[in-house]
1. Please give the peptides 191-203, 124-136 ranked by average Cβ packing (other Cβ atoms within 10 Å per residue), highest first, as a rough proxy for protection.
2. If packing is taken as the average count of other Cβ atoms within 10 Å, what order do 226-235, 50-59, 29-38 fall into, highest mean first?
3. What nm value, rounded to one decimal, do you get for the distance between residue 14 and residue 259 when each label is placed 7 Å out toward the C-beta?
4. When a/c reaches 1.5 or more, the comparison of a/b and b/c decides; with that in mind, is segment 115-228 rounded, prolate or oblate per its Cα gyration tensor?
5. Using DSSP, restrict attention to beta bridges with both residues in the chain and report what percent are antiparallel, rounded to the nearest 5.
6. Relative contact order, percent, of the chain when contacts are C-alpha pairs under 8 Å separated by at least 6 residues?
7. Using only the Cα atoms of segment 282-322, build the gyration tensor, take square roots of its eigenvalues as a ≥ b ≥ c, and label the shape rounded, prolate or oblate: rounded if a/c is under 1.5, else prolate if a/b is larger than b/c, else oblate.
8. Please list 72-83, 285-296 highest first by mean number of surrounding beta-carbon atoms within 10 Å per residue.
Ligand SMILES: *Cc1c(COP(=O)(O)O)cnc(C)c1O
């Protein structure tokens, strides 16, 4: 079976992790602190705080900004539900915004329309753009809109570590950036996540919320406010530290693989059977998702490909189609790009370990089935 993707954990990383386990220093500790300073260096940011997963990272961002009941947060319709769920769990209202049909990221014109015409009653507090599958969302315009309307910006860069705009890393454009180290992401610690910011005050709040609202002083534990336990373990940090030096090389391989897929798929795209994802110099290619023409049944195709030994999957969800967000619409528009991407999106086998042989097999199977 050609898997959708496989985590890249080599012998040295496993040994490093085992050493930490043997040391008995299991919870947040030295390895986490070292990982954090290496992540600061890699991302070019003041504060990096490792946490238990990407959803925890997003939740901590909202807690640090004191977003909750009576507030509203703008999120792209097409994303993993966690982006909306953290808003909802925090007590704030989820305001979905449609996405672009080729970048799959938040559509900035729609965003601007919704922000400009916002009537309340909730307080619009923040924009949470997602760098979907590693494609850098248009942060220049998003930050302009945020500034004009005094909104905070929390980047959901969960699947976009290493993605850039003009060399500047995604996650460092907004007030807070959030990452995931889930096995489906390019760098993985099993479960794991990261919150980054250049704001000292926000960093302090995030650090405390992560650890029961507590900090150790010379006299013992001091509890500043009620918090959570969203810490990463020391042995997970050891895994992450071993991968970080390879990350850029992996992304570079992913860019080559995306190019191969694009070339091989072009004839099928030209025939109007599929749409290819937008390319971008700073794309980190966590996932390569094509969009099938309406006449094809994505779920059936997924099953047929599986029978041929090829694992594919849907790309992401559309928040407005989920039962957990009833009656939520986007400015009264009933047909969203997000709906189409959710229904017709097909993520192809993709990771830095794959090469042109895999691309040939996948594209030839796909061509056959789309006849
Ligand atoms: C993976 C992902 C998350 C959730 O991260 P976890 O580590 O699984 O909690 C949130 N948002 C997006 C866009 C993601 O891709």
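1. Per-residue mean Cβ counts within 10 Å order the peptides as 124-136, 191-203.
2. The packing order, highest mean first, is 50-59, 226-235, 29-38.
3. Result for the modelled spin labels: 3.3 nm.
4. Verdict is oblate for segment 115-228.
5. The antiparallel proportion sits near 65 percent.
6. Relative contact order, the chain: 23 percent.
7. Oblate is the answer for segment 282-322, as a/c is 1.5 or above yet b/c matches or exceeds a/b.
8. 72-83, 285-296
All of the numbers you see were taken from the coordinates with simple rules; none came from a lab. This one's a predicted model, so the numbers in the text were calculated from it and none came from an experiment. In this analysis, Cβ positions are derived from the backbone assuming ideal geometry, glycine residues included, and neighbour counts consider all displayed protein chains.
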